[in-house]
Amino acid sequence: EDMAALENLSEATMLECLRRRYRRDRIYSSLGGVVVAINPFRKIDHLYEDGYARFGAGDDANLLKPHPYALAESAVRGVVRDRTSQSLLVSGESGAGKTETVKIMLGYIAKRSHRAKGTSASPGVDDALIAANPLLEAFANATTVRNGNSSRFGKFVRVFVDRLSGTV
C-alpha cells in the first residue's frame with residue numbers, strides 16, 4: 001500500500017502501481033506520509049463500510065492505511081491524545097475529488113463525534129458542519145468539462161474538537 005516501499009521508485013512504477021490498485025477499486029495508496037487518491041467518478045461503497053469500527057476502534061495499525069477515515073481519525077486523536085492542533089491538506093486538479101474527500105473526512109469526524117457523545121443520531125454542531133458544506137461550495141463555483149461543480153478558489157474549514165471528549 002505504501003509506494004515508498006517499492007524497490008524501484010520511479011514515475012513509471014508509481015503509475016503502474018496506481019493503475020493496478022485502481023482496477024481493483026483500491027483508489028487510495030500512500031507515498032510515505034502522503035495519501036494518493038484516484039477519483040473513480042463513481043461510488044465504491046465497500047471503501048466506507050464499518051469505517052468507525054475499523055479506524056476508530058483504537059487499533060493504531062489501521063491508521064497507517066491510506067484512507068480518508070485514517071487521516072481524519074489520526075487528526076482527532078492528535079487533538080485528544082496529544083493536545084495539539086492538526087491540519088489536513090487536500091490538493092489536486094479540477095475534478096480530482098477534493099470536495100468529495102473533504103466530505104468523507106468531515107462525515108467521519110461527525111460520526112465519531114456522535115460516538116464520543118454516546119448518541120447515534122442526535123443533531124448538533126457536527127450535523128451543521130456537514131450541512132454547511134453545500135453552502136461553501138455554492139460560492140464562485142462553475143461548470144467545466146471535467147466537473148459540473150468546480151471550485152474557483154481554495155477552501156479553508158476549521159473544525160473545533162473538544163480535547164477531552166473528541167466531540168465536534
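With the simple spin-label model, which puts each label point 7 Å out from Cα in the Cβ direction, the residue 16 to residue 155 separation comes to 3.7 nm. In a fully extended conformation the segment linking residue 65 and residue 1 would gain 22.3 nm over its present Cα-Cα distance, using 0.36 nm per residue. Computed with a 1.4 Å probe over protein heavy atoms only, the accessible area of residue 2 comes to about 60 Å².
Partner lysines whose Cα lies under 23 Å from the Cα of residue 65, excluding those fewer than 8 positions away in the same chain, are identified as 43, 98, 103, 111.
Here the calculated FRET efficiency for residue 81 and residue 45, from their Cβ-Cβ distance with R0 = 30 Å, stands at 0.45, rounded to the nearest 0.05.
Note on the range 68-112: with charges restricted to the Cβ of Lys and Arg (+1) and Asp and Glu (-1), its dipole about the Cα centre is near 240 debye. Residue 38 exposes around 50 Å² of accessible area when a 1.4 Å probe is run over every protein chain in place.
The values are calculated or read from the model by the stated rules, or taken from the named source; none is laboratory data. Because the structure is predicted, anything quoted here is derived from the model rather than measured. Cβ sites come from the backbone with ideal geometry, for glycine too, and all protein chains shown count toward neighbours. Quick note on the areas: whole protein, heavy atoms, side chains included, nothing else; ligands and nucleic acids left out. Shrake-Rupley method; radii C 1.70, N 1.55, O 1.52, S 1.80 Å.
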